[in-house]
Amino acid sequence: MAFILALDQGTSSSRSVVFDEHGRILASAQLEIRQHYPQPGWVEHDPLELWTTQRDTAHAAMAQLHQAGHDLRQLKGIGITNQRETTLLWHRQTGQPVHRAIVWQDRRTETQCAQWREQGLGDSIRAKTGLVIDPYFSGSKLQWLLDNVDGAREAAERGELAFGTVDTWLLWNLTGGRVHATDVSNASRTMLFNIHTNDWDDDLLKLMRIPREVLPEVKPSSHLFGEAAPTVWGPDASAIPGLPALPVGGIAGDQQAALFGQAGFEAGLAKNTYGTGCFMLMHTGNEVRTSANGLLSTAAAQLPDQRAYALEGSVFIGGAVVQWLRDGLHAIKAASEVQSLAESVPDSGGVMFVPAFTGLGAPYWQSDARGAIVGLTRGSTVAHIARAALESIAFQSAALLQAMSRDAVAAGGRPVSELRVDGGACVNNLLMQFQADLLGIPVVRPQVIETTALGAAYLAGLSTGVYADTATIARLWQADRTFYPTLSRDRAAELMGNWEHAVRQTCQH
C-alpha cells in the first residue's frame, strides 16, 4: 500500500495529510497561522512561520503514521498545495526573507493598479494573463517589495534574491535551497505569466520593473521537482525511524488542486470550494476561454505536455460571514451554532445580507462595494440575519455558476449540469440544499471533502508512479450525498432577482 504526504499551506493554517493510494486519509495535523495587519487593508504572514508550521505538521502526520504501525518506506512522495498569490522575497544565499509575506487579501497596491487601469492596460493584461488588474495578484505585490524594501531592487538585479508564491518557498526549504521552481497553476496567478505561451511575459516584467533573475522556473503541476531529505523535518525527525527521502512530485495552487481532487479533468466539470471565501472553477479543456461575464481565465493543474485551463470566479467573503456573526455581531458563540440558529426560522423573512466587507469579487468586481443588510422589518430577528448570512454564500456562488454557464453556452457548450462541492462549509446541509435550490442542478458532496490536499496527493502520485493515469484517479472519486433542487425555477429566479437588487444597493454610496 503506497502513501503520499500532502502539504496544504492555507491562509489561516498549515496542514499535512497522509493519504493512501485509494485517497483515504490515514493521518493529519494542523497548526494555525498568525495574521499580521500593520495598516488598514494590509495583510501579512511571517514566511518562517509558514515554513516551520508546515514542516512541523508534516512531521506530526508522519509520526502518527509510524505510531499506527505503517511502514514509512511506503511513503512515495510529497504534494504541495498552497494559498495562491501570496508573495515572498528572500535572499538566495541565506534563505532569509527580506520582508513578511504579502498575503493575497492585501490591498496596499490598489493605487498602482488603478494607474494601470487608467492607462488602458486592462485589456492587454487580461489577454496575456487571463486576469483583471487587481491587487489580489502577485505582480504588483512583488513590485512593491522591490520598491519599498531598502536595497531590494539592486539585490534582485544582481541575482541575489528569489521570488516565489508559497509553494516555491516551501519547495526551496524542503530541498535545502537547491530548487527554485513553481508550477503553471501558481504562476498563472501572478499577473506576470502568459497563459498562452506558458512562460513569464517580458512586457509585463518591464511594466512592473521586475528582473527575470528573481523568478522561479515554471514546471507542470505533476513533475519531479526535487527531493526532500529527512533532515529537513527538524531535530525531532530522528524519533521516526526509517523516514525516507521523499520526492516532491506535485504542486498546484489550492483551487486548481481542489478541481483536480474532484476528478475535474474534462471540460464542463465545475467545483466550488466553500472556505473563508468561495472559489468556483470550471474546466475548459486545453483551450483558454475568455469570459464575457466577469470571470477569470486561469491555468488548471497541468500534466507534462498537456495544457489544461479553467474559468474561475472568487467570492471574497464566504464562510468568513459566519465568523463575523460570531466575532462582530456576537450573534453566536461558535461557528457550529449558525445552522441551528438559521433553521429556527422557515426563511430569511425577506432579509438580504450582502457581505461585501472587502468589496465584491466575480462576477461583479466592485472594489468599492460595502456590506449591507437590507429588507429589515420590525419582525426581523437575529435568526433571520443568520439565515440571510448563510444564504449569501449560496447567492454569491449561484451568480458565479450562472456566469460560467453563460460563458459555456456562448462557446458552443452546455450549461453546467452538476456542481461538485468541497471545503469546510459544504458540511452544512441547509446551505447545500439552498445552493441546489437556487441553481436548479444537483449539488454533489464527495466522501473526501479535503479535496485540496487530495488533489496535491494525486498530482504527486502520478509523477511517482502510484497512479497510471487520471482515469485511475477518476474511478476513486465517490459521492457522499447529492442535494437535488426542490424549489420552482420561478421562485429561484425571483430570489436571485432580489439578491441582484441588494447587490446594487451596496454600490450606491
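Please verify whether residue 392 is outside any helix (DSSP H, G or I) and open to solvent by less than 20 Å² (accessible area, probe 1.4 Å), treating the condition exactly as stated. Here the answer is no, as residue 392 does not meet what is asked. Of all residues in the stretch 423-455, those being more than 23 Å from residue 491 (Cα to Cα) and free of Cβ contacts under 8 Å to residues at least 60 places away in the same chain number 4.
Candidates in the stretch 149-188 are the residues that are open to solvent by less than 10 Å² (accessible area, probe 1.4 Å) and over 19 Å from residue 9 (Cα atoms); of these, the one that is nearest to the chain's Cα centre (by Cα) is 162. Here is the figure for the stretch 31-65: residues that are outside any loop (DSSP other than H, G, I, E, B), in contact with a helix residue (DSSP H, G or I) (Cβ under 7 Å, 6 or more places away or on another chain) and surrounded by fewer than 17 Cβ atoms within 10 Å (Cβ to Cβ) total 1.
Filter the helices (runs of 4 or more DSSP H) completely within the stretch 159-224 down to those with at least 2 residues that are over 22 Å from residue 103 (Cβ atoms) and acidic (Asp, Glu). Here the list reads 202-208. With respect to the conditions (1) under 27 Å from residue 461 (Cα atoms); (2) at pLDDT below 95, residue 213 lacks only one, and its number is (1).
Is there a residue in the stretch 318-335 that is assigned to a loop (DSSP other than H, G, I, E, B) and touching a residue at least 60 places away in the same chain (Cβ under 8 Å)? Yes, some residue in the stretch 318-335 is assigned to a loop (DSSP other than H, G, I, E, B) and touching a residue at least 60 places away in the same chain (Cβ under 8 Å). Filtered by the rule that a residue be closer than 20 Å to residue 313 by Cβ, open to solvent by 10 Å² or more (accessible area, probe 1.4 Å) and polar (S, T, N, Q), the stretch 78-137 gives a lone residue, 105. In the stretch 303-329, the residue that is farthest from the chain's Cα centre (by Cα) out of those that are farther than 20 Å from residue 400 by Cα and open to solvent by less than 10 Å² (accessible area, probe 1.4 Å) is 325. Where helices (runs of 4 or more DSSP H) sit wholly within the stretch 441-509, those with at least 2 residues that are surrounded by fewer than 22 Cβ atoms within 10 Å (Cβ to Cβ) and under 24 Å from the mean Cα position of the chain (by Cα) occupy 470-474.
The values are calculated or read from the model by the stated rules, or taken from the named source; none is laboratory data. Since we're looking at a predicted model, the values are computed, not measured. All Cβ positions, glycine included, derive from the backbone under ideal geometry; neighbour counts span all protein chains shown. Remember, those area values only see protein heavy atoms, side chains included, never the ligands or the DNA or RNA. Shrake-Rupley method; radii C 1.70, N 1.55, O 1.52, S 1.80 Å.
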